[in-house]
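> Here it is: the structure, laid out below.
Each value in this text was obtained by applying a stated rule to the coordinates, not by laboratory testing. Since the model is a prediction, treat every value here as computed from it, not as a measurement. When we count neighbours, we look across all protein chains shown, and the Cβ atoms used for this are built from the backbone with ideal geometry, even at glycine.
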Amino acid sequence: MAPLKKFRKDLVALSLSVLFILAVLEVFLRLFYPQVIIDECTDGDYIHIEGNGYTFSKDFGWTTIPNQTHCIWTDKGVHGTATHNNKGLRMNHDILVGKSQDKKRIALFGDSFAYGYGNDQNDTLSFYLQQMFGDGWELLNFGASGYGTDNVYMRYTKEGRLYHPDVVVFLTYSNDPGNILFTEYQGYAKPIFKVNSKGNLITAENQKFGVHPLQPRTRYLESTILERHSHLYMFLQNALAKIGYKLSVILKGKTYKIDPSIRLSHPLGPEDSSVWLIMKNYTNLTDYALIIHFKILDRLVQEVKNDNATFVLANVPGLYLFNDRENMESFLAEFDLHYDDVDFTKPDKLHADYAKSRDVLFVPFYEKFKANQTAYIPKFYTGHYNGEGNQKMAEILYEKIRMENIIG
């Protein structure tokens, strides 16, 4: 056989073998270890795209769109749905403004944890709370991705109180104080609250919001054919990204530091501000954000009490707190921090002290989540708890509220 002919034959055989191996790996991943491929359901990160559930609000920057059901990618690695009722709340039934004639109401406020980001409609915190409280109660979910303490205050005073809730639950997260310092969130202007030289809170109640110029784009439209269809390609892409990240930490060491001199208008990411509250030694920027956070909380608590409702404060522990030691140290290295520089219980302590001083009910989750931490980490990382985690939060909230005789 001529050398060239043999070479071609061997090349064809090798190519077919490689294709066969790739096909086997693709089938294996699809069956036993499916990856998050890029499709319309993965575009939830871009909330500026109105098809993903959010739209401009003249009262508090952005809000959830009424009468909409849209596709989402869930923590289980399968497609799910998010449904908004006639008032834009993530609920399975419509409601009327005003006081309910036959049910008591619980209004849930907060960010994406309250909304149920990455969770199917029947896997959210509000869904499980509704099941536990039963038919005599109605759970209203006012949660929205990206909301900070400021958005929550504005949404309650402008909208939430119109439904006359009997109980108001604010599900705060460790990046809420940092979010206060943002000037915009994915194209939407945010409420701006400040503290003047006399220490008084300057509110955003008369502020006019708008939409910043933002090039409409989605991960789906920008993705390649392989990103849309190949689980093997996405597996390799994610694996290489993790290897590259670890190499950068090893080669560069600490990448950057949270700088107290950063301008307040600088768009710090949620990961930055979620680290703030677990730092043993705060930066000046953290102190400033916390002052505003608790002053807004004071306003919110007072407004709720003026409406003859009961205020409940709950603190959601960051999912990164339950990573293993090695991953946590790599995460902290991004912020020029070490494991010994942080206190995971600090957000609970801060809010517990605040709640005690204001005579409001505080519900912590950290210690009970820590006991069974891996059970609540989603199969596909969304930065949020899986359905089991939401169910556990609902159980803790329900038991605490029931023990305090709030629900009668």
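> Using alpha carbon coordinates only, what is the Rg to Rh ratio of segment 124-165, with Rh defined as the Kirkwood radius?
Reported Rg/Rh (Cα atoms, Kirkwood Rh): 1.02.
> Counting other beta carbons within 10 Å of each residue's own, what order do THR345, THR149, THR74, THR286 fall into, fewest first?
THR345, THR286, THR74, THR149
> Based on the Cβ-Cβ distance of ILE406 and SER17, what FRET efficiency does E = 1/(1 + (r/R0)^6) give at R0 = 45 Å, to the nearest 0.05?
The value I calculate is 0.10.
> Scan around SER57 for amide H atoms under 5 Å from its own, H built in the peptide plane at 1.01 Å from N, and keep only partners 5 or more places away or cross-chain.
Here TRP62, THR63 satisfy the definition.
> I've got another one for you. For the cross-link pairs LYS198/LYS356; LYS103/LYS392; LYS190/LYS392; LYS190/LYS242; LYS158/LYS190, which exceed 21 Å when the distance is taken from alpha carbon to alpha carbon?
Going by Cα-Cα distance, LYS198/LYS356; LYS103/LYS392; LYS190/LYS392; LYS190/LYS242 fall outside the 21 Å limit.
> Divide, for segment 60-216, the radius of gyration over alpha carbons by 2.2 N^0.38 Å, where N is the residue count.
Dividing the Cα radius of gyration by 2.2 N^0.38 Å gives 1.08.
> Let me ask you something else. For SER15, SER145, SER100, what ranking results if the residue with the fewest other Cβ atoms within 10 Å of its Cβ goes first?
By the 10 Å Cβ count, ascending: SER15, SER100, SER145.
> Starting with the fewest neighbours, write out ASP307, ASP166, ASP150 ranked by other beta-carbon atoms found within 10 Å of each beta-carbon.
Lowest to highest Cβ neighbour count: ASP307, ASP166, ASP150.
> At what distance in nm do the modelled label points of ASP359 and HIS79 sit from each other, each positioned 7 Å from its Cα along Cα→Cβ?
5.4
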